[in-house]
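**Student:** Attaching a single structure in structure tokens format; questions to follow.
The values are calculated or read from the model by the stated rules, or taken from the named source; none is laboratory data. Since this is a predicted model, take the numbers as computed values, not measurements. Note that each Cβ is placed from the backbone with ideal geometry, even for glycine, and that neighbours are counted across all protein chains shown. In case anyone asks, the SASA skips ligands and DNA or RNA and just uses the protein heavy atoms, side chains included. Shrake-Rupley method; radii C 1.70, N 1.55, O 1.52, S 1.80 Å.
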Amino acid sequence: NIPTGTCTSLIQSVDLFPTILHAIGASTEQKNDGNVPTWFGGNIDRSYTLTESLFPNDPYRITFIEKELKICFESVGLCTQEGQIPSAEGFNGKIFDRKTDLEVTTNHLDKLKQYEQIMYKHIQEYCI
């Protein structure tokens, strides 16, 4: 039940399990962060994916990836040994064109603010 061709949907590793379940006809109704992309018979595609890096004594880093842009944030402060994220000192954010890898932040300041809000919601329970 896997279609031939090239899937152009944005996919995260958490999408693998529900996609396989869907392909074999098993239920994908359980609560998880995964998504079955439309290419594989799902109902919705992601508008972005994210990757993050959280290590003690390093800045917290998170990157949102859209089809044409990647939006990157890095904390000014360092993460604690307990895995807490230092939000009080703020974050530096940049946007890059995915095809050219050139920085295009000044052309997308509204998008930077949009993803900054998404980031804070995503990390709020881990912030100090």
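**Student:** Scan segment 13-40 for residues that are under 20 Å from Glu52 (Cβ atoms), in contact with a Gly (Cβ under 8 Å, 6 or more places away or on another chain) and either part of a loop (DSSP other than H, G, I, E, B) or hydroxyl-bearing (Ser, Thr, Tyr) (or both) and report the count.
**Tutor:** The total comes to 1.
**Student:** Still on this structure, please answer the following. Could you check Glu82 against (1) over 14 Å from the mean Cα position of the chain (by Cα); (2) at pLDDT 95 or above and say which number it fails?
**Tutor:** (2)
**Student:** Same structure, new question: Restricting attention to segment 115-125, does a residue exist that is open to solvent by 70 Å² or more (accessible area, probe 1.4 Å) and either outside any helix (DSSP H, G or I) or within 30 Å of Thr6 (Cα to Cα) (or both)?
**Tutor:** Restricting attention to segment 115-125, the residues satisfying the condition of being open to solvent by 70 Å² or more (accessible area, probe 1.4 Å) are 117, 120-122, 124-125.
Next, only the ones that are either outside any helix (DSSP H, G or I) or within 30 Å of Thr6 (Cα to Cα) (or both) stay: none.
No, there is no match, as no residue in segment 115-125 is open to solvent by 70 Å² or more (accessible area, probe 1.4 Å) and either outside any helix (DSSP H, G or I) or within 30 Å of Thr6 (Cα to Cα) (or both).
**Student:** Looking only at segment 62-82, count how many residues are open to solvent by less than 90 Å² (accessible area, probe 1.4 Å) and not in a strand (DSSP E or B).
**Tutor:** So the count comes out to 3.
**Student:** Looking at segment 83-105, I want the residues that are part of a strand (DSSP E or B) and have a partner that is among the small types (Gly, Ala, Ser) with Cβ atoms under 6 Å, at least 6 apart or on another chain. Which pairs are those?
**Tutor:** Phe91/Ser75
**Student:** Identify the single condition in (1) open to solvent by 60 Å² or more (accessible area, probe 1.4 Å); (2) of a type in the set (A, V, I, L, M); (3) touching a Lys or Arg at 6+ places or on another chain (Cβ under 8 Å) that Leu10 does not satisfy, given that it satisfies every other one.
**Tutor:** Going through the list (1) open to solvent by 60 Å² or more (accessible area, probe 1.4 Å); (2) of a type in the set (A, V, I, L, M); (3) touching a Lys or Arg at 6+ places or on another chain (Cβ under 8 Å), Leu10 breaks only (1).
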